[in-house]
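The values are calculated or read from the model by the stated rules, or taken from the named source; none is laboratory data. Computed from a predicted structure; not experimentally measured. Glycine also receives a Cβ, built like all others from the backbone with ideal geometry; neighbour counts cover every protein chain displayed.
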Amino acid sequence: MSKTELLQVAVKAADDKRAEDILALNMKGISLIADHFIICHGNSDKQVQAIAREIKEKAEENGYSVRRIEGLDEAKWVLIDIGDVVAHVFHRDERTYYNLERLWGDAPLENLSSVLNQ
């Protein structure tokens, strides 16, 4: 699968668990960490954990290796490293506080309409 397919798998997984305000930032040329950052949030600890687990499971089902997951137990800011894609799953309040969208404001947004409308 391609990097674009990995991005779509992760975004769809988040959407399946009703993640809110899903964004994908194109980090190529901006960050050495990953080509894409996904940013989304849930409204409870349980929802944040469910979103993160679904992203991990769907990535693995599609042949991707999840390198690391941080913050799953606390469920305030869960980071899922899938290589070329890093997903940031926040609790709503933490997302507002850290505001990664502003921090990485130079990164172009990916069009997710084809993935989120399925």
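For the range 59-87, the set of residues classified as out of contact with any helix residue (DSSP H, G or I) (no Cβ under 9 Å at 6 or more places or on another chain) and either touching a residue at least 12 places away in the same chain (Cβ under 8 Å) or within 16 Å of LYS17 (Cβ to Cβ) (or both) consists of GLU60, GLY63, ARG67, ARG68, ASP81, VAL86, listed by residue number. Within the range 26-39, residues that are over 20 Å from ILE51 (Cβ atoms) and exposed (fewer than 13 other Cβ atoms within 10 Å of the Cβ) sit with their Cβ atoms under 9 Å from residues that are among the acidic types (Asp, Glu) and modelled with pLDDT of 95 or more, at 6+ positions apart or across chains, in these pairs: ILE33/ASP81. Taken over the range 28-58, residues that are in contact with a helix residue (DSSP H, G or I) (Cβ under 6 Å, 6 or more places away or on another chain) and not basic (Lys, Arg) amount to 11.
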